[in-house]
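I have placed the structure first, in the form of C-alpha cells, so that the comments after it can refer back to it.
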Amino acid sequence: KKLAFWPNDQYLNLWVCDISDGYLGYAQFPNNSGLVGLDPFMGSDPTDGVVIDYATFGTIGTSTFPYDKGRTATHEVGHWLGLLHIWGDDFCGDDFISDTPTQEDLTGGSSCSSTTSSCTGPTTTNMIENYMDYSADACMNIFTKDQKDRMRIVMDISPKRKSLLNSSGCCPVGNKFSIPYKIDFEDFSYLTDNWTVLNLDAASSYSKQWTHVTPGAYGQSNNAFMIENDSVYTTVDSTYVDMFVSPYTDLTSAVKPTLDFDLAYAYGTNSFQTDSLVVSYNTGCKEQWENIQVLYGSNLITTPRIANYFSPTLEEWKKITVDLSPLNTRKYIKFRIAVYSKGINKLYIDNINVYKRQDNFELKIYPVPAHESINVEVLFTGYKDVKIEAFNTLGKKLFEREKTNTSSFLEVINIIDLEAGIYIFKATSGSQVSVKKIVVY
C-alpha cells in the first residue's frame with residue numbers, strides 16, 4: 001500500500017490487486033468516528049483505504065460472476081465509512097443499525113433467493129438486497145436510511161473523512177501561496193504568484209481596468225491598485241463586478257489567520273450611494289463563494305470628503321481587517337476581493353496581507369539546531385514596530401533588524417557565517433520582549 005498511497009485526508013485510496021487468500025476485498029474502518037462498534041483507532045494512515053480483488057472489481061474485463069456488478073467496492077466503501085456487516089459478524093449479531101432486520105448469518109451463494117432468520121422470536125426476511133450482506137452482486141441495491149445516517153456521521157466527525165469534504169483532489173490547485181503573504185502592488189509580481197484579475201465588464205464601452213496608480217496607501221509606497229467604477233450594476237445585468245482572486249493557500253497551521261488590506265473610497269457628488277466591496281472565499285473544488293466581509297455605504301467610505309473622480313490624500317485610507325479564524329482547518333482555500341459597481345466612484349486597494357496572529361507577543365525560531373539558515377517568526381495582534389537582535393553568549397550583538405508598522409511576520413535569516421555554538425535571539429516591541437536560544441552546528 002505504501003508504494004501507491006495518496007494522502008488519505010484528500011483521497012479515498014482504492015487498491016485493485018490479486019488477493020490470494022480468497023477474500024473479495026477488505027477495508028480500513030475510520031478512526032475517531034465516535035460510533036458504537038468501532039474503536040477510536042482502526043489503523044494507520046498509509047494503510048487507510050479499500051482493497052478489491054481484480055476478479056470482483058467493476059463490471060467488465062476480469063470481473064467474474066456472481067461478483068461482476070461492482071458491488072464488492074460498494075460493500076467495502078461502506079466499511080470505510082463505518083458500516084458493519086448486516087449480521088454483525090456473529091450469530092444474530094448487532095450491526096448497530098435500527099432499520100435492518102437482525103440476521104442469523106451472512107447470505108452466500110450466487111442466487112437471490114429469499115432467506116429468513118428467527119433471531120428475536122418472529123421469523124423475518126433477510127435483507128439480501130443490502131450492500132453490507134454477502135449476497136451476490138445482482139441482489140444488492142440498497143443502503144437503509146440509518147446506514148446512510150451512520151456514514152454521514154463519519155463524514156462529519158472522523159477527522160480524515162471530514163477533511164475530504166474540502167479536498168482539492170479534482171481541482172487544478174496549481175501553486176499555493178504560504179502565509180505570511182503580502183502584495184504591495186509595487187510591481188506586477190502578484191501575476192507571477194498566480195493571482196487573477198478579472199474584469200467581467202471589460203467588453204463594455206464603460207468598463208475600466210484595474211490599474212496601478214501613484215502613490216500607495218498613506219503615501220508610504222509608490223503604487224496602489226485602483227478600479228474606476230463608472231459602469232452601472234443592476235440586478236438584471238450583474239456583470240459589472242471586478243475581482244481580484246488569490247491562488248489556493250493552506251490555513252491548517254494557522255490558529256488565528258487574518259487577512260487585511262488598505263482601502264480608500266469616498267462618496268461622489270450628488271449622491272450618498274456607494275459601490276460595494278465583498279471579500280469571500282471558497283474551498284476545495286467548489287466554485288461556490290461564501291462572503292466573509294461586505295462593505296458598502298458608510299462602512300466603505302474612508303473620508304468625509306465628497307468628490308467625484310476621487311483621489312485619496314495621505315489621511316484618506318483605512319485598514320480593513322478580516323478574521324479568518326473560522327477557516328483555520330481548511331487545507332485548500334482561496335480568497336476573492338470583488339467590487340460591484342453602481343457607477344459612483346474610484347476605489348483604491350493596497351497592501352493585501354494574509355498572516356498568522358496571536359494574543360501574546362512571541363518569537364519563534366526553527367529549525368533547532370540550525371546550520372545554514374533559520375526561520376524567525378514573530379507573532380502578535382495588530383501592527384507594531386519590531387526589532388530583532390542576535391547575541392553570542394558573551395553578550396556581543398551580532399546583528400539587528402527592524403521592521404516598522406508590521407503585522408506578524410516570518411523572516412528567513414542566513415546564519416552560515418556563525419560559528420558552531422549557542423546564540424540568543426531577542427524580539428522587542430515597546431515593552432514587549434520575547435527571547436529564544438538556538439544551537440548552531
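In sequence order, what are the phi-derived ³J(HN,Hα) couplings for region 412-419 according to the Karplus relation 6.51 cos²θ - 1.76 cosθ + 1.60 with θ = phi - 60°, rounded to whole Hz, with x for glycine and proline?
8, 10, 6, 10, 4, 8, 7, 6
By the scheme Lys and Arg +1, Asp and Glu -1, what is the net charge of all other residues having a beta-carbon under 14 Å from that of Ala55? Walk me through the numbers on the way to the answer.
Working: positive: Lys69, Arg71; negative: Asp18, Asp21, Asp53, Asp68, Asp137.
Result for the local shell: -3.
Quick one: order Ser276, Ser113 from most to least accessible surface, probe 1.4 Å. Present the calculation step by step, with values, prior to reporting the outcome.
Details: Ser276 25, Ser113 70 Å².
Reading off the accessible areas and sorting them downward yields Ser113, Ser276.
Pairs to check: Lys356/Lys403; Lys162/Lys256; Lys69/Lys334; Lys319/Lys397. Give those whose C-alpha atoms are more than 28 Å from each other in this structure.
Values: Lys356/Lys403 17 Å; Lys162/Lys256 21 Å; Lys69/Lys334 40 Å; Lys319/Lys397 36 Å.
Over 28 Å Cα-Cα: Lys69/Lys334; Lys319/Lys397.
So if the hydrodynamic radius of region 7-159 is defined as the Kirkwood radius over C-alpha pairs, what does Stokes-Einstein give as its diffusion coefficient at 20 °C and 1.002 mPa s, in µm² per second? Don't skip to the end; give the middle numbers.
Details: Rh = 16.1 Å.
The diffusion coefficient I find is 133 µm²/s.
What is the dipole size for region 290-441, taken about its Cα centre, with +1 at each Lys and Arg Cβ and -1 at each Asp and Glu Cβ, in debye to the nearest 20?
Details: 21 positive and 16 negative charges, 86 e Å.
Roughly 420 debye for region 290-441.
Using only the heavy atoms of the protein chains and a 1.4 Å probe, how would His371, His212, His85 rank by accessible area, largest first?
Of His371, His212, His85, the descending order of accessible area is His371, His212, His85.
Under a Cβ-only charge scheme (Lys and Arg +1, Asp and Glu -1), can you give me the dipole magnitude of region 363-441 about the Cα centre, in debye to the nearest 20? Each step should come with its number before you reach the end.
On the way: 10 positive and 9 negative charges, 58 e Å.
Its charge dipole is roughly 280 debye.
Once the other residues with Cβ under 9 Å from the Cβ of Gly216 are scored (Lys, Arg +1; Asp, Glu -1), what is the net sum? Could the numbers behind the result be given before it?
Details: positive: none; negative: Asp184, Glu186, Asp262, Asp350.
Residues near Gly216 contribute -4 overall.
Leaving out ligands and nucleic acids, note down the accessible area per residue over region 95-171 with a 1.4 angstrom probe, in whole Å². All intermediate terms of the calculation are to be shown ahead of the outcome.
Details: 3800 Å² over 77 residues.
Computed with neighbouring chains in place, this is 49 Å² per residue.
With unit charges on the beta carbon (Lys/Arg positive, Asp/Glu negative), name the residue among Gln147, Gly108, Phe5 whose Cα is farthest towards the positive pole of the charge dipole of the chain.
The listed residue farthest towards the positive side: Phe5.
Normalising by the residue count of region 250-345, find the relative contact order in percent from Cα pairs under 8 Å and 6+ residues apart.
Values: 192 pairs, mean separation 47.3, N = 96.
Taking the mean separation of contacting Cα pairs over the length of region 250-345, I get 49 percent.
Considering only protein heavy atoms and a probe of 1.4 Å, how much of the accessible area of region 30-109 is carbon and sulfur, as a whole percent? Numbers along the way, then the final one.
Values: 2010 of 3590 Å².
Within region 30-109, the accessible surface is 56 percent carbon and sulfur.
On a 0 to 90° scale, report how tilted helix 71-80 is relative to the longest principal axis of the chain, with both axes built from alpha carbons and the result rounded to the nearest 10.
60
So what is the relative contact order for the chain, in percent, with contacts set as C-alpha pairs under 8 Å and at least six apart?
Details: 1036 pairs, mean separation 51.5, N = 441.
Once normalised by length, the contact order is 12 percent.
Please name whichever of Ile227, Val278, Tyr423 sits farthest to the positive end of the charge dipole of the chain, dipole taken about the Cα centre and charges placed at Cβ: Lys and Arg +1, Asp and Glu -1.
Projecting each Cα onto the dipole axis, the largest value belongs to Tyr423.
If you add up the charges near Ile438, with Lys and Arg at +1 and Asp and Glu at -1, over every other residue whose beta carbon is less than 12 angstrom from its beta carbon, what do you get? Don't jump to the answer; show the numbers that get you there.
Values: positive: Lys364, Lys426, Lys436, Lys437; negative: none.
So the environment of Ile438 carries a net charge of +4.
Treating only the Cβ atoms of Lys and Arg (+1) and Asp and Glu (-1) as charged, compute the dipole magnitude of the chain about its Cα centre; round to the nearest 20 debye. Present the calculation step by step, with values, prior to reporting the outcome.
On the way: 37 positive and 52 negative charges, 305 e Å.
Roughly 1460 debye for the chain.
Equivalent ellipsoid semi-axes for region 316-356, as square roots of 5 times the alpha carbon gyration tensor eigenvalues: give them largest first, rounded to whole Å.
Working: eigenvalues 133, 39, 14 Å².
For region 316-356, the semi-axes come out at 26, 14, 8 Å.
Quote the Stokes-Einstein diffusion coefficient, in whole µm² s⁻¹, for region 152-196, based on the Kirkwood radius over alpha carbon pairs, a temperature of 20 °C and a viscosity of 1.002 mPa s. Walk me through the intermediate numbers first.
Numbers: Rh = 13.5 Å.
The calculation lands on 159 µm²/s.
Might you work out the accessible area of Asp137 for me, using a 1.4 Å probe with all protein chains in place, and round it to the nearest 10 Å²?
0
Testing the spin-label approximation: label points 7 Å from Cα along Cα→Cβ at Glu287 and Ser221. State their distance in nm.
In this crude spin-label approximation the distance works out to 3.1 nm.
I'd like the accessible area for Val245: 1.4 Å probe, protein heavy atoms, all chains in place, Å² to the nearest 10.
So the heavy atoms of Val245 present about 20 Å² to solvent.
Taking every eigenvalue of the Cα gyration tensor of region 50-100, multiplying by 5 and rooting it, what semi-axes result, largest first, whole Å? Display every interim value, and only then the final one.
Working: eigenvalues 130, 25, 15 Å².
Output for region 50-100: semi-axes of 26, 11, 9 Å.
If you take Cα extents along the principal axes in Å from the coordinates, which of (i) 84, 71, 42; (ii) 62, 46, 39; (iii) 69, 54, 40 do you get?
Among (i) 84, 71, 42; (ii) 62, 46, 39; (iii) 69, 54, 40, the one calculated here is (i).
Roughly what angle does helix 145-157 make with the longest principal axis of the chain, taking Cα atoms, 0 to 90 degrees, to the nearest 10?
For 145-157 against the chain, the angle is about 40 degrees.
Taking 37 °C and 0.692 mPa s as the conditions, I'd like the Stokes-Einstein D for region 84-169 in µm²/s, using the Kirkwood hydrodynamic radius from alpha carbon pairs.
On the way: Rh = 14.1 Å.
Calculated translational D: 233 µm²/s.
The values are calculated or read from the model by the stated rules, or taken from the named source; none is laboratory data. Not measured: the values here are computed from a predicted model. Because the Cβ atoms are built from the backbone with ideal geometry, glycine has one as well, and the counts that use them run over all protein chains shown. These area figures cover heavy atoms from the full protein model, side chains too; ligands, DNA and RNA do not enter into them. Shrake-Rupley method; radii C 1.70, N 1.55, O 1.52, S 1.80 Å.
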